[in-house]
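Novice: Let me give you the structure first, and then I'll get to my questions.
The values are calculated or read from the model by the stated rules, or taken from the named source; none is laboratory data. Bear in mind the structure is a predicted one, so any value in this text is a computation, not a measurement. Here the Cβ positions follow ideal geometry from the backbone for every residue, glycine too, while neighbour counts run over all protein chains shown.
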Amino acid sequence: MKRLILSLFLILLMTLTGCVQKLETTQAQSDALAEYMAGLLLKYDAKYDKKLIPQMVEDNEDSRTDSQTDDLDNKDNSNKNNTDVPNTSGSTDDKANEEKQAYSLAELAGSNDYDISYLDYLLTDIYPENYNKAYFFVEADEGKQLLVIKFNIKNKTKDKINIDLGEAEIKYQLEIAGNKIDKPWFTVLENDLQYIDITLEAEAATDAVLIYQISKGADTGSMKLIASAAGKEMVIPVK
């Protein structure tokens with residue numbers, strides 16, 4: 001078993017090596033990565049109580065299963081049986097959500113010192129696209145593509161502030177083509193919105209991203225990002 005665990009650890013390191021230029025992480029990202037690696041090794045130890053395995057391992061693997069993205073194709077087939085009545089409620093709901101949002105992302109994070117606003121999205125096989133200059137990058141699996149949702153974080157105050165979203169525990173659920181993907185990818189990208197930990201000068205701004213993996217050819221015409229925390233929720237049309 002020790003030999004198996006050691007082999008798994010070496011394989012994991014070799015895998016990461018292919019994607020790392022220079023790995024520099026925040027404390028929150030480092031803790032999350034360490035917990036994930038430890039849980040992954042313990043998962044394959046038959047003598048270890050699986051009930052004690054860190055939940056992040058199971059959550060992250062679930063977020064990358066093929067069933068979440070492949071179900072999009074199945075949904076397209078089922079929709080063919082419901083073509084008698086055109087559905088126009090989606091665009092109406094999106095407009096209503098844009099006009100009347102009870103909360104903002106910054107409020108979900110528990111702060112009024114900064115804004116987090118949606119910018120746009122990108123479909124790509126690898127992110128960042130200029131990965132040769134990046135510390136770390138992520139690449140889509142064969143037959144898949146990355147959906148990169150972009151945000152802008154701006155300091156609204158006239159003072160320098162620290163923004164640590166790793167402690168905010170905001171959940172981001174993507175709705176695409178009538179299906180839902182519960183979580184973005186776990187990454188150690190320095191601008192991953194889930195774990196970003198930065199200091200911004202007065203009225204300064206920076207960009208951040210959430211990354212999902214979806215099937216190539218998936219219908220991206222109607223997408224929503226549902227953000228929630230502490231009983232609060234907001235919906236962001238992704239277009």
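Novice: Any idea how many residues of the stretch 205-222 are over 18 Å from Tyr195 (Cβ atoms) and more than 17 Å from the chain's Cα centre (by Cα)?
Specialist: Of the residues in the stretch 205-222, 7 are over 18 Å from Tyr195 (Cβ atoms) and more than 17 Å from the chain's Cα centre (by Cα).
Novice: Moving on to the next point. Could you check the stretch 158-203 and list, in sequence order, the residues that are under 22 Å from Ala134 (Cα atoms) and assigned to a helix (DSSP H, G or I)?
Specialist: Within the stretch 158-203, Leu165, Gly166 qualify.
Novice: Between Leu165, Leu105, Leu200, which is buried (at least 17 other Cβ atoms within 10 Å of the Cβ) and within 16 Å of Met234 (Cα to Cα)? Quick ask: steps written out before the conclusion?
Specialist: On the way: Leu165 fails: within 16 Å of Met234 (Cα to Cα); Leu200 fails: within 16 Å of Met234 (Cα to Cα).
That would be Leu105, the only listed residue that is buried (at least 17 other Cβ atoms within 10 Å of the Cβ) and within 16 Å of Met234 (Cα to Cα).
Novice: Scan the stretch 135-157 for residues that are in a loop (DSSP other than H, G, I, E, B) and surrounded by fewer than 18 Cβ atoms within 10 Å (Cβ to Cβ) and jot them down. Show your work before the answer.
Specialist: First pass over the stretch 135-157, keeping only residues in a loop (DSSP other than H, G, I, E, B): 135, 137, 140-143, 156-157.
If the condition is that a residue be in a loop (DSSP other than H, G, I, E, B) and surrounded by fewer than 18 Cβ atoms within 10 Å (Cβ to Cβ), then Tyr135, Asp141, Glu142, Gly143, Lys156, Thr157 are the ones that fit.
Novice: If you don't mind, there's one more thing I want to ask. Kindly list, by first and then second residue, each pair from a residue in the stretch 134-151 that is touching a residue at least 24 places away in the same chain (Cβ under 8 Å) to a residue that is assigned to a strand (DSSP E or B) and small (Gly, Ala, Ser), limited to pairs with Cβ atoms under 6 Å and residues at least 6 apart or on different chains.
Specialist: That search, which allows pairs on different chains as well, returns Phe151/Ala208.
Novice: Could you identify the single residue in Lys133, Lys160, Lys150 that is farther than 26 Å from Met234 by Cβ and either in contact with an Asp or Glu (Cβ under 6 Å, 6 or more places away or on another chain) or hydroxyl-bearing (Ser, Thr, Tyr) (or both)? Spell out how you get there, then give the answer.
Specialist: Details: Lys133 fails: either in contact with an Asp or Glu (Cβ under 6 Å, 6 or more places away or on another chain) or hydroxyl-bearing (Ser, Thr, Tyr) (or both); Lys150 fails: farther than 26 Å from Met234 by Cβ.
From the options Lys133, Lys160, Lys150, the qualifying one is Lys160.
Novice: Continuing with this model, one more query. With touching a helix residue (DSSP H, G or I) at 6+ places or on another chain (Cβ under 6 Å) and at pLDDT 95 or above as the only criterion, which of Ile161, Ile170 stands out?
Specialist: Only one candidate passes the filter, namely Ile170.
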